1. Do any residues in region 87-104 that are without any contact (Cβ under 8 Å) to a residue 60 or more places away in the chain have Cβ atoms under 8 Å from those of residues that are of a type in the set (Phe, Trp, Tyr) and not in a strand (DSSP E or B), where the two are at least six apart or on different chains, and which pairs are they?
2. Looking only at region 29-42, decide whether some residue is modelled with pLDDT under 95, farther than 18 Å from residue 154 by Cα and part of a strand (DSSP E or B).
3. Would you point out which residue out of 157, 141 is of a type in the set (A, V, I, L, M), farther than 15 Å from residue 46 by Cβ and surrounded by 20 or more Cβ atoms within 10 Å (Cβ to Cβ)?
4. I want to confirm something. Restricting to region 43-78 and keeping residues that are more than 10 Å from the chain's Cα centre (by Cα) and hydrophobic (A, V, I, L, M, F, W, C), which single residue is nearest to residue 157 (Cα to Cα)?
5. Going by the structure shown, is residue 51 at pLDDT below 95, out of contact with any Pro (no Cβ under 9 Å at 6 or more places or on another chain), surrounded by 18 or more Cβ atoms within 10 Å (Cβ to Cβ) and β-branched (Val, Ile, Thr)?
6. Are any residues in region 47-84 touching a residue at least 60 places away in the same chain (Cβ under 8 Å) and of a type in the set (A, V, I, L, M, F, W, C), and if so, which ones?
Amino acid sequence: MPILSPRPGSALSTLLLTATLLIAGCAHPVTTPEPADAAHSAWAGRISLQISSEPPQAFFAGFELKGSPSQGELALSTPLGNNLAVLRWSPQEAVLDSGNQIQRFASVDELLEKATGAAVPLPALFDWLNGKNTALHGWNADLSQHPQGRISASRTAPTPRADLRIVLSP
């Protein structure tokens, strides 16, 4: 069962799932001086992730993502700006820090699946945030609104279906 999946009476789980979804649905590149053709390595915004499982799961959050697929950090927050969790990964470790508990995982893939309830393709996500429509088996990304800071992607395989939405901050 996902770490951040909502459970009756578990406000933290609901908030963490909400934060992850908002990050995916509302991410925006953090503006830093760089050449026009350079790829971003930091974003902020809102994300949402909806999983068509039984029972259905939904996650919405504010987020700040920095780094790369091999080493980075994802901070999740409530719509009011309260910290929910920080996910950190490197080749040596993957860590979920929820403020009062630290959990370690064998890989960033395992960390993301436990935190969100769905396997989120981190390398493709970084490409999508940079406007590169990387194809990935089972996933369909829609970058048509990327210039407006919006990204959506759907996973149809493996089941259950997952819908990821990101809205980037200006």
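The values are calculated or read from the model by the stated rules, or taken from the named source; none is laboratory data. Because the structure is predicted, anything quoted here is derived from the model rather than measured. Note: ideal-geometry Cβ built from the backbone for every residue, glycine included; neighbour counts use all protein chains shown.
1. Qualifying pairs under 8 Å: none.
2. At the first step, the residues of region 29-42 found to be modelled with pLDDT under 95 are 29-41.
Keeping just the survivors that are farther than 18 Å from residue 154 by Cα gives 29-41.
The next check asks that each one be part of a strand (DSSP E or B); those that pass are 29.
Yes, region 29-42 contains a residue that is modelled with pLDDT under 95, farther than 18 Å from residue 154 by Cα and part of a strand (DSSP E or B).
3. Details: 157 fails: surrounded by 20 or more Cβ atoms within 10 Å (Cβ to Cβ).
None of the other options fit; the residue is 141.
4. So the first thing to find is which residues in region 43-78 are more than 10 Å from the chain's Cα centre (by Cα), and the list is 43-45, 50-58, 66-73, 77-78.
Okay, now just the ones that are also hydrophobic (A, V, I, L, M, F, W, C), so 43-44, 51, 58.
On the way: 43: 27, 44: 28, 51: 12, 58: 18 Å.
Residue satisfying both the conditions and the ranking: 51.
5. Details: at pLDDT below 95: yes; out of contact with any Pro (no Cβ under 9 Å at 6 or more places or on another chain): no; surrounded by 18 or more Cβ atoms within 10 Å (Cβ to Cβ): yes; β-branched (Val, Ile, Thr): yes.
Judged against the criteria, residue 51 is not a match.
6. If the condition is that a residue be touching a residue at least 60 places away in the same chain (Cβ under 8 Å) and of a type in the set (A, V, I, L, M, F, W, C), then 47, 49, 51, 65, 76, 84 are the ones that fit.
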